[in-house]
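Comments concern the structure below.
The values are calculated or read from the model by the stated rules, or taken from the named source; none is laboratory data. Being a predicted model, the structure only gives us computed values, none of them experimental. Methodologically, a virtual Cβ is constructed for each residue, glycine included, from the backbone with ideal geometry; neighbour enumeration extends over all protein chains shown. Note: areas computed on protein heavy atoms with side chains; ligands, DNA, RNA excluded. Shrake-Rupley method; radii C 1.70, N 1.55, O 1.52, S 1.80 Å.
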Amino acid sequence: MFRVILIVGDGMADRPVKELGGRTPLEVAYKPHINELARNSVLGIWDPISPGVRPGSDTSHLSLFGYDPRRYYSGRGPFEALGVGADIKPGDVALRGNFATVDDDLIVLDRRAGRTLPENQELVKYLNDNIGFVDGVEVKFYSATEHRVAVVLRGFALSSDISDTDPHEVRAKVLSSKPLSNDENAVRTADIVNKLTLMTYKLLKGHPINEARVKKGLPPANIILFRGAGSISYIPKLQEREDIIVNRCLAVSATAMIKGVCRLVGFEVVTPSGATGGVDTNVISKAEEVLKAYRNGYDFIYFHLKGTDAASHDGNARAKIEMIEKLDRAVGHLLSNLDLTSTVLAITSDHTTPTSVKDHTGDPVPVMIYSPELIGDGISDFSERSARKGSLSRIRGSDLMYTILDYANRVNKFGA
Ligand code: ZN
Ligand code: ZN
C-alpha cells in the first residue's frame, strides 16, 4: 500500500480570464513543480458533485472524501455551525441565526440589527453565560460574521423537522417555530426553540450594549431569529468504512468549515502557525505539517489551501495566480522531501470559482494523480485546458476518492 497526499486549492479552477488574454490563472501561474509532477501523472477533469451542480465547499468536500453529499449532507445549519467552529455530533440540532431588531410586540424592524455588529462575540458570550440549558437541552451559541450566529442544541429526542422563527421580512412578527411532522421530538424541539427565542429577547433588550447602540442611533440587537434547522446524520468515519483501507488521517487546513468536515469524517486536524485561510497564508509551514505527518506514519494526508478561493471571490485574478505560485512552492518542498516510490499524490480543486463570477460554479475541475506504479500521460502542464486531454477523462463525485485510493492499493475488492 502506498501512502496518499491529497492537495486541494480551494476554488482554484477558473474560466478563461479576459485580462489574462483568455487564459486561466492556473495556465498563467509559474508552477514548475506541479507541472513536473503532472508529466508523470494521469490527468482528467472531475465534477465535484455531478455535472452542472454548483457545490459549496462543504458538499464538495464530502464528495472529495468519497461520501455522497445527497445522502450525507443535511442542510446548511449544521455545516455553517461547523464553519464557525461548533462541535456537532449526530443527534444535535443546529440552526443558523441572526441578531435582529424587534419592537415590544416582537415585530421585526431590522432582520440584521444594522448588519455591522462588532459586539457580536460579547453578546454571544453573554447569552451562553446566561442560558446554558432549556428544558434539559444544552444550548450553545457560536459567533459568526457580522450579525450572524449559529446555535447547537444537544440533548435526547431532538428533531430538526421544525420551521423558522425568522419571518424573512421586516414589519412581520417573529414567527413561532412549528413542528413540520407529527413526530413528538419535533413538537418538543419547536417548543424549545420558541422558549429560546423569548429568552434571547429578554436577555438582550436591556443589555448595556444595546442601550449604548440606541444612544448612538444604531438598531439594538435585541433578539435572535432562527432558521435552517438541521442535524448531522451518522457518517461512518473513513477508518470505519469497509470498502477502503485508511487508518491514520490528518488534515492541514486553516478554514473552520473544512476543518469541521474533516473532523466529521475521521481526520485529525492541524492548523500550523502562519496559516490564515487567506491570501497571506504561510504555505511552507503547511507543507512542513504534511511532512511531519508523513514521517509520523499517517497514511492519508490532506492539504487544503483556501487563499485561491478567497482571491476568486474578490475577483482578483492576480492574487489567485500568486496563490497558485505559492502552492507550487509548497508542492516543490514536498517533492524534495517525500519518497515518491511509495507515495500517491493528487492535486485538484474542490470546485470552480471563476474570478469573473466571484462565486462557485458547476464546471468540472482539473485533477492529476501521481502514483509510482502509473504510466503518466506525459502532459507537462496542469490546467483546466490540459487536463481534458488526460487519460482519466471525466470523472464524477465520490469516484475520485476511489480512483486515488485504488492507485494506492487501498480499495477492498467488490465481490469475490
Ligand atoms: Zn471550496
Ligand atoms: Zn468559495
Subject >> In sequence order, calculated HN-Hα J values of the range 373-378 (Karplus, 6.51, -1.76, 1.60; Hz; x Gly/Pro) >> reply: 9, 9, 8, x, 7, x
Subject >> Cα convex hull of the range 80-230, projected area averaged across orientations, nm² >> reply: 8.1 nm²
Subject >> Simple label model, 7 Å out from Cα along Cβ direction - E211 to F414, nm >> reply: 6.6 nm
Original post:
Under a 1.4 Å probe, what is the accessible area of the chain per residue, stated in Å²?
Top reply: 41 Å²
Original post:
Which residues' amide hydrogens lie under 5 Å from the amide hydrogen of I162, considering only partners 5 or more residues apart or on another chain, with H built in the peptide plane?
Top reply: L180
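Please report the net charge: other residues with Cβ closer than 13 Å to the Cβ of F2, K and R +1, D and E -1.
Neighbour charge sum, excluding F2 itself: -2.
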Subject >> Label-point separation in nm, S233 to T145, each point 7 Å along Cα→Cβ >> reply: 3.0 nm
**OP:** Quick one: compute the contact order of the range 80-230, relative version, from alpha carbon pairs under 8 angstrom and 6+ residues apart, as a percent.
**Re:** 31 percent
Original post:
Tell me which lysines have Cα within less than 17 Å of K178's Cα, excluding those fewer than 8 residues away on the same chain?
Top reply: K195
Original post:
Tally Lys/Arg at +1 and Asp/Glu at -1 over every other residue whose Cβ is under 13 Å from the Cβ of S163; what's the total?
Top reply: -2
**OP:** Using the 2.2 N^0.38 Å rule of thumb for compact globular proteins, work out how the range 274-317 stacks up: its C-alpha Rg over that value, please.
**Re:** 1.37
**OP:** State the extension gain, in nm to one decimal, for the chain segment bounded by E122 and S176, taking 0.36 nm per residue of separation less the distance between their alpha-carbons.
**Re:** 16.8 nm
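Relative to the present Cα-Cα distance, how much length would full extension add between R115 and R394 at 0.36 nm per residue of separation?
96.2 nm
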Subject >> Two-decimal log10 I(q)/I(0) for the chain, as the Debye equation yields it once each C-alpha is a single scatterer, q = 0.06, 0.09, 0.14 Å⁻¹ >> reply: -0.28, -0.61, -1.17
Original post:
Excluding F226 itself, what net charge comes from residues whose Cβ is under 15 Å from its Cβ, given Lys and Arg +1 and Asp and Glu -1?
Top reply: +4
Original post:
Can you give the longest stretch of the chain with no exposed loop site, where a site means chymotrypsin sites (Phe, Trp or Tyr not before Pro) in a DSSP loop (not H, G, I, E or B) with at most 16 other C-beta atoms within 10 Å?
Top reply: 235-413
**OP:** Pull up the cross-link candidates among the lysines for K18, meaning alpha carbon to alpha carbon under 30 Å and not fewer than 8 places away within one chain.
**Re:** K31, K306, K320, K326, K358, K389
Original post:
Carbon-plus-sulfur fraction of the accessible area of the chain, 1.4 Å probe, in percent?
Top reply: 49 percent
Original post:
What FRET efficiency would be calculated for the residue pair R54, I284, taking the C-beta separation as r and a Förster radius of 41 Å, to the nearest 0.05?
Top reply: 0.80
Original post:
Expressed as a rounded percentage, what relative contact order does the chain have, with Cα pairs under 8 Å and six or more residues apart?
Top reply: 33 percent
Subject >> Sites matching GluC sites (Glu not before Pro) across the range 136-217 that sit in DSSP coil, with at most 10 neighbouring C-beta atoms within 10 Å >> reply: E169
